[in-house]
Amino acid sequence: MFFGSKLPRLRRFGYLYKNDNDFKSKKIREEKSKNDDPVTKDSSDFSSLNLSQILVEWLRSRGITRMTKVQSLAITPLLQSGKDVLVQSRTGSGKTLCFVLPLLQLYMNTKGYNDIKGIINVFGLIVLPTRELAIQVSDIIRDSLSYIEDPGYAKTSVKTKNMFKIHDMILYCPLLIGGISIDNNVKSLNSAKEHKFVRSFLVATPGRLRHLMDMLSQEFVWSFKNLVLLILDEADRLLEMGYQNDMSIIFGQLPKQRRTGVYSATLSNGVKDLAKICLSNPVLIDPDSQTPSKDNFTLENVEKKKYSTPDGLNNYYILLNTQEKLPFVMLFIQYLKSINATKCVLFFLSCDLVDYYFDILKGLSLYSNPFDTTGSKLVEDPCVTYHKIHRKLTTKKRQQSFNAFKAPSVDTNGSNKNLHVLLCTDLFSRGIDIPKIDWIIQFDPPQDPNFYVHRIGRVCRADNTGNALLFLTPNEESYIQFQLNRNIRLTKLTNNILDPVLDIVTSISSEKILPFLLNNNVDVDTRIEDGTMTYSEYLKQRPLPNPVLPWDITAMFLSYLRSYISTDRKLLLSASKAFVSYAKSYSEHRLKLIFEINKFDYGSLATSMGVLRIPRIKEILGRKMENFMPSNIIPNSVPFKDKKLELERLKKMEETPKIIKPKEKKQPAPQKSNRTRSQKRMTKKQNSYDEWLELSKEESLVKKLKKRKITYDKFEKLLNNEESDWEQELDNFVRETQTSDNESYKKWISGGKRGRKKR
């Protein structure tokens, strides 16, 4: 473990300031920089920050020419003043460049070598909560290093793909995240240390970094002794994900003399506690405050700030019944296609819900008949592409979906723009920067109300415009007032958006609701459990109050949905898992006064998911299920569409036949004895007599012990009935008592407590 030198901070990091030949002048320049407020400058160009020209050119080459407000406030204290910073700024405000630019500039200001030979000297450490966010930050840093590295440095092998040569110094920039073999991380680190002198920017998630620190604690692979800059991005999310123990171990292996930056969209009590541990006399940066920069403040006196949303955001909500959510989503996607939208994000509560709705949306948007069991190839909608991201996917699949969604939205001809729809959990809600997202749709409010701001922050990145839409049921309408109390205003979905969606419904007949039915006249329906009517007829006879969509259309859609699920066992199992996951997630909402379990309609949920039977879960046991009718299809008879999976299922059923256990006969309950009153009195007297005998026994033994007729060991044995001759003694004692003390016993019985006292 390296704790660094005990030299004064000024001397230790003096070599970082390129133009400082005289350390005495540094204090004068620091005081001058305090009075030089960046906000009052005429220009918000990056060149006003005294950055290297090549960094400014890199920013311009990427189309970044003007600073955001938080960038103009947060870069200077960390870069020039050398102070720790605590930055609180809303999502999408450009916090990433607030620490990437100081890190690059500090490295370029470094002169000469003050490193340990033969190991990796960590110059900068960036810790982030999720893999996607770590990959995004790593890509930004590598892109900048590729632009500014020395010409002529050839990357001859895979081993050197993350190495760069800056000012004749080798810089290694690995990405340390979960989902990748840790042996590969160790192998690449060992390969990098083979250079004579090598420095490193580490971009890591807490779990993997802590694991590597434990593995390499006894090996000379890397050193944090000369760490210059530590960055904790999305600090509130780091704490919410339970990384407190990992962070404590990581801090224990870092030197005390360093610069530290903590960046967070919200300043919770946990973030304040974290700042107390890792920051020293920090500067608070809050661009939304009347005093954006505070020096020498105390964390206890920081006011709790209300949440704020991006200025260019149109924040909508709509009240929908549970059965209408999926039909409305499909119609809204058709509307987004008509207005040439390119990117849309759908948020769900759990991973199982993402998997289920991904399969359903992708399957029901096919132009060929999904009910076709002949195995003919299905044709996907050429204008819509679906992606999914959640924590249960492998890192490779998550990265593939992320890259595909982030790519420019053009078709194969390169002319028309396609619509990309991403289904995800709250994993995608923090820090991910994808430009030009048109719509954010929240199928349900997040379990943690703080995540609402982070979800809608995926649009309006870097002061752009965007739209967000939240689905609420009528019982959840008070959620609107709750967010209004937090300074987040929601507007009811306007008619200029809703009317075109409804026009799509009225423009098609009830027999051609889904995209695949636009070219196929298919009438697929199931029957209810008793077989008296079809499922669509049953639904049409039971309309919901105040539906947004025409109820006949919704009923027909839900009928098709159940029919589609009944064709493939994989979909049926996915629907059951999604139902259980939704019920559990809904019960774990933090706002239980708004999301009341007792008022939730589980029958409507089952109908909206197309399940054939409602799974048995503890949340619904003993409750009457309304708005749901089971299907006449037996779930065990539904086959897999995949022939290989179906053969495995049938083989397993043959190998493990169902064993029917014979029902155990219930033994008749013992009959109560009909005793007379006199019998009950006699029983009571006998019980009292037995108790009296027991007390007499103990009294006799105590007397014998006091007169030293028996030893204490024998007294214990007789008291616990361990002596074999006790029964004989007891019989003698009983006979003596019955003959000589019968009168005393009678008095004891008749006198109650008073008699026992005298005895």
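Quick check on my link table: of K397/K641; K343/K417; K193/K256; K406/K436; K343/K584, which ones sit more than 18 Å apart, alpha carbon to alpha carbon?
K397/K641; K193/K256; K343/K584
Using modelled amide H (1.01 Å from N, peptide plane; none on Pro or chain starts), what sits under 5 Å from the amide H of H387, excluding residues fewer than 5 places away?
Amide H neighbours of H387: V421, L422, L423.
Just list whichever of K396/K652; K83/K276; K685/K717; K362/K577 have alpha carbons separated by over 24 Å in the model shown.
The pairs that break the limit, which is 24 Å between Cα atoms, are K396/K652; K685/K717.
Could you tell me which of rounded, prolate or oblate describes the range 581-646, using a ≥ b ≥ c as the square roots of the eigenvalues of the alpha-carbon gyration tensor, with rounded for a/c under 1.5 and, failing that, prolate when a/b is larger than b/c and oblate otherwise?
Prolate, since a/c reaches 1.5 and a/b exceeds b/c.
Can you figure out the FRET efficiency of N487 with S248, using R₀ = 25 Å and their beta-carbon distance, to the nearest 0.05?
It comes to 0.15.
Specify the inter-centroid distance of the range 124-144 and the range 677-707, based on alpha-carbon positions, in whole Å.
83 Å
Would you please name the trypsin sites (Lys or Arg not before Pro) within the range 56-117 that are DSSP coil residues with at most 16 other C-beta atoms within 10 Å of their C-beta?
When the trypsin sites (Lys or Arg not before Pro) of the range 56-117 are filtered for loop state and at most 16 Cβ neighbours within 10 Å, R62, K111, K117 remain.
Can you tell me the length gained on complete extension of the stretch N50 to K684, counting 0.36 nm per residue apart and subtracting the Cα distance?
218.2 nm
Since every read-out is calculated from the coordinates, none of them should be taken as a lab result. Everything numeric in this text was worked out from a predicted model, so none of it was measured. In this analysis, Cβ positions are derived from the backbone assuming ideal geometry, glycine residues included, and neighbour counts consider all displayed protein chains.
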